[in-house]
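Reviewing the structure listed below.
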Amino acid sequence: QVQLVESGGGLVQPGGSLRLSCAASGIIFSAYGMRWYRQAPGKQRELVATFTSSGTTNYALSVKGRFAISRDNLKKTLYLQMNSLKPEDTALYYCNVYGFGKDYWGQGTQVTVSS
């Protein structure tokens with residue numbers, strides 16, 4: 001059974017940093033692409049960053065230059081380093097694993113940026 005467990009969210013002041021983690025189990029981690037999504041109250045879920053199985057990364061324009069996605073295939077963990085956080089980054093952040101016709105989701109971790 002595939003499990004994705006996010007952690008690292010919390011309350012941070014504008015301009016601060018957080019690092020999210022997503023620990024995976026039950027899959028051959030290195031074979032899948034991975035994404036971070038976020039959803040703010042009253043808004044649609046938004047793709048934030050992608051790390052493909054071949055090593056390509058992509059970012060939403062709203063976070064480019066501030067966020068960095070990375071993965072450790074040995075630890076089966078996906079990361080999202082978030083710097084220069086803004087109030088508009090406040091959302092529930094989800095980890096997503098995709099590939100081979102499959103799509104798996106974590107339960108989300110809340111990030112709140114506020115003074």
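Observations, loosely collected:
- In this entry, LYS64 is excluded by the filter for residues that are open to solvent by 50 Å² or more (accessible area, probe 1.4 Å), within 16 Å of GLY8 (Cβ to Cβ) and outside any strand (DSSP E or B).
- Pairs where the first residue, in region 88-109, is among the basic types (Lys, Arg) and at pLDDT below 95 and the second is crowded, with 17+ Cβ neighbours inside 10 Å and part of a strand (DSSP E or B), C-beta under 8 Å, 6+ apart: none
- Residue in region 69-78 that is surrounded by fewer than 16 Cβ atoms within 10 Å (Cβ to Cβ), hydroxyl-bearing (Ser, Thr, Tyr) and either over 10 Å from the mean Cα position of the chain (by Cα) or under 20 Å from GLY10 (Cβ atoms) (or both) present: yes
- Test for ASN58: is it within 15 Å of LEU20 (Cα to Cα), polar (S, T, N, Q) and out of contact with any helix residue (DSSP H, G or I) (no Cβ under 7 Å at 6 or more places or on another chain): no
- Among residues of region 22-40, those that are in contact (Cβ under 8 Å) with a residue 24 or more places away in the chain and either charged (D, E, K, R) or open to solvent by 20 Å² or more (accessible area, probe 1.4 Å) (or both), counted: 11
- Flag if VAL12 is more than 13 Å from LEU85 (Cα to Cα) and of a type outside the set (Asp, Glu): no
- Residue check for PRO41: at pLDDT below 95 and of a type outside the set (S, T, N, Q): yes
- Tallying residues that are free of Cβ contacts under 8 Å to residues at least 40 places away in the same chain and either surrounded by 14 or more Cβ atoms within 10 Å (Cβ to Cβ) or under 23 Å from VAL113 (Cβ atoms) (or both) within region 47-61 yields 10.
The values are calculated or read from the model by the stated rules, or taken from the named source; none is laboratory data. Everything quoted here is computed from the prediction, not taken from an experiment. Counting neighbours? That spans all protein chains shown, and the Cβs are built from the backbone with ideal geometry, glycine included. SASA here: full protein model, heavy atoms, side chains in, ligands and nucleic acids out. Shrake-Rupley method; radii C 1.70, N 1.55, O 1.52, S 1.80 Å.
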